[in-house]
Amino acid sequence: MAETKIVERKPLSLSERTYLPQIASGLKTTVSHIFKPSVTLQYPEERPPIPEGYRGVPTLVKDPNGREKCVSCQLCEFVCPPRAIRITPGEIVEGDEHEHVEKAPQEFEINMLRCIYCGLCQEVCPEEAIFLQDVYSLSGYSREELVNNKEKLYELGGTLPDEHFKWDKKKAAEEAALAGSHH
Amino acid sequence: MEISSLLLKVVFAVVMIVVVMTLAGYSVLIERKVSSWVQGRVGPNRTAIPWIHAIPVLGPFLTKLGIFQPLADGLKFLFKEEITPGHVNKVYYYLAPVIALVPALTTMVVIPFGQYTHPDTGVTHSLMLAPLDIGILFIFAVSSLGVYGVVLAGWSSNSKYSFLGSIRSSAQMISYELSMGLSVFPLLLWLNAPGVEGGLGLTAIVNYQENVWFIFIQPLSALLFLVAIFAETNRLPFDMAESETDLVGGFHTEYGCFKFGIFFVAEYAHIVIGSAVFALLFLGGWHFLPGIADPWPAGWLGAVLSTVWFLIKILALIVFFVLIRWTIPRFRYDQVMQLGWKVLLPLAIGNLILNAAILAFIDSP
Ligand code: SF4
Ligand code: SF4
């Protein structure tokens, strides 16, 4: 059985009932707070540290070689609950150094007026190309300004470390196979 | 009356209005700054006037202190959209802020704020706009008119919340005005004690305190008066007229932009005048310290110094007003009434009787 503790309520003493000593001690506390350093952040100049795994604005990232990772598979576009993403798939022209990659987006737009920061796009992307990063302060003067296009998305996203280098491996394997067939 | 002396009076009056209004405006800044420090914030520190901000060290320092913030606030009030609710009586609605401001500005004419010693004759007289013999009574009479502005505002805005706020304000006013007046009577008794050159004027009260301030000989009076001033200025813990928990915004719920600004300034002007009166009655007015009453040199320098010292006392009191705001939570309405009628009033009457008895004892041969 839970233990019950009965706290006795003492009647207030005379000095407590006159309030005045209480007010004086309260004033002391108030005054002492004046000389304490302020605890607030001067926002636009100082920014709070963003915790690991924070879901900020969705962005597109490049791999360490500077190649855009998105292959415009459009999975994120399909999964996005509020339909914030619009992708125009594009071919990679022949002779490009990334020719071995299947596809790349021609245009990639995320409408931040719609995005609900659910993170499903990041979850579903097979290429680890889209990430919700630490950008949290987003504003604009018009609706158009809040639609992030491809350029803006890469600018926001930057480069993230990548362990897979899937397409590079594929290219190497292809080259090796090609070299093998000559023998 | 000569035209030049009339002109001089007008100039003095304008200067006085400017000073009091500036003080009222800047007590808003004091309020904001001190509040922020108490709460561990920084407070207004960004508004800058470009040319002044460009001065090397001083400019950024002033900006950080928020010196220009009241200016920005005022401008913002001016350029805000003017909203008048549809169901109000426009005449009374617009009259209310004016009525709230007028008493606050009227009381200042009888406030002596410094002394001027004539360099040749050595005669000292106090600096004030209207040397009235019944100064303190005039202040009581006029400053209590301020509540009409509040009542009118609440009634004419045609909103239940505003109306309740203003009714509360007037009820509170009645219950504190009495103890306020009664708490000052002992001072006047001592002022007119046998063998003392008496009077009811504020100058007489200040001069009486040359050697020892009234706060030391009449601490109970000082305390009662202080509490009453808090209630009268609608400051926390007595801001029943605008308690947002149960009244939305109180009597000024329906007021916006500059009209609200005027209410605001009137409230702060009340605080300034109240602090001034408290300093005059209990803190020796422009006297330097108890014991060292008048180190002021003769002539205009002395006049300025004494005035500045008086202003410093007022500013200290304003800071005190702000500190109290963050110390005591708001009273409940019934507690306010209880405190007013059952505690302060009997205490004030008892204090008055006690002082009268002591005086009678001294007087009896
Ligand atoms: S975070 Fe959610 S809503 Fe935003 S773009 Fe990605 S899938 Fe769409
Ligand atoms: S971001 Fe990922 S999921 Fe979206 S289209 Fe590109 S590769 Fe596919």
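Numbers at a glance
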| read-out | value |
| --- | --- |
| Number of positions in region A:165-183 that are modelled with pLDDT under 80 and not in a helix (DSSP H, G or I) | 1 |
| Which listed residue, of B:Leu62, B:Leu75, B:Leu29, is surrounded by 14 or more Cβ atoms within 10 Å (Cβ to Cβ), more than 14 Å from chain A (Cβ to nearest Cβ) and under 22 Å from B:Ile262 (Cα atoms) | B:Leu29 |
| Output for region B:259-306, where each listed residue is in contact with a Leu (Cβ under 6 Å, 6 or more places away or on another chain) and either without any contact (Cβ under 8 Å) to a residue 24 or more places away in the chain or open to solvent by 30 Å² or more (accessible area, probe 1.4 Å) (or both) | B:Ile262, B:Trp296 |
| Any hit, region B:53-68, residues being within 30 Å of B:Leu129 (Cα to Cα) and under 29 Å from the mean Cα position of the chain (by Cα) | yes |
| Contacts under 6 angstrom Cβ, first residue in region A:57-80 being surrounded by fewer than 22 Cβ atoms within 10 Å (Cβ to Cβ), partner at pLDDT 90 or above, 6 or more apart | A:Gln74/A:Ile87; A:Leu75/A:Val124; A:Glu77/A:Ile85; A:Glu77/A:Ile87; A:Val79/A:Leu120; A:Val79/A:Val124; A:Cys80/A:Cys121 |
| Members of region B:322-348 found to be of a type outside the set (A, V, I, L, M) and either within 17 Å of B:Ser169 (Cβ to Cβ) or in contact with a Ser or Thr (Cβ under 7 Å, 6 or more places away or on another chain) (or both), listed by number | B:Trp326, B:Thr327, B:Arg330, B:Phe331, B:Arg332, B:Tyr333, B:Asp334, B:Gln335, B:Gly340, B:Trp341 |
| Candidate set: region A:119-135, residues that are in a loop (DSSP other than H, G, I, E, B) and surrounded by 14 or more Cβ atoms within 10 Å (Cβ to Cβ); chosen: the one nearest to ligand 1 (Cβ to nearest atom) | A:Gly119 |
| Hits in region A:136-149 - residues which are open to solvent by 40 Å² or more (accessible area, probe 1.4 Å) and either of a type outside the set (Asp, Glu) or touching a Lys or Arg at 6+ places or on another chain (Cβ under 8 Å) (or both) | A:Tyr136, A:Ser137, A:Leu138, A:Ser139, A:Tyr141, A:Ser142, A:Arg143, A:Val147, A:Asn149 |
| Complete set of residues in region A:1-54 that are under 30 Å from B:Phe321 (Cβ atoms), loosely packed, with under 10 Cβ neighbours inside 10 Å and more than 40 Å from the chain's Cα centre (by Cα) | A:Ser13, A:Leu14 |
| In region A:47-68, the residues that are within 16 Å of ligand 2 (Cβ to nearest atom) and over 21 Å from A:Met112 (Cβ atoms) | A:Asp63, A:Arg67 |
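The values are calculated or read from the model by the stated rules, or taken from the named source; none is laboratory data. Since this is a predicted model, take the numbers as computed values, not measurements. Here Cβ is always computed from backbone atoms with ideal geometry, including for glycine, and neighbour counts include all displayed protein chains. Each accessible area value is taken on the protein alone, full model and side chains, heavy atoms only, with ligands, DNA and RNA left out. Shrake-Rupley method; radii C 1.70, N 1.55, O 1.52, S 1.80 Å.
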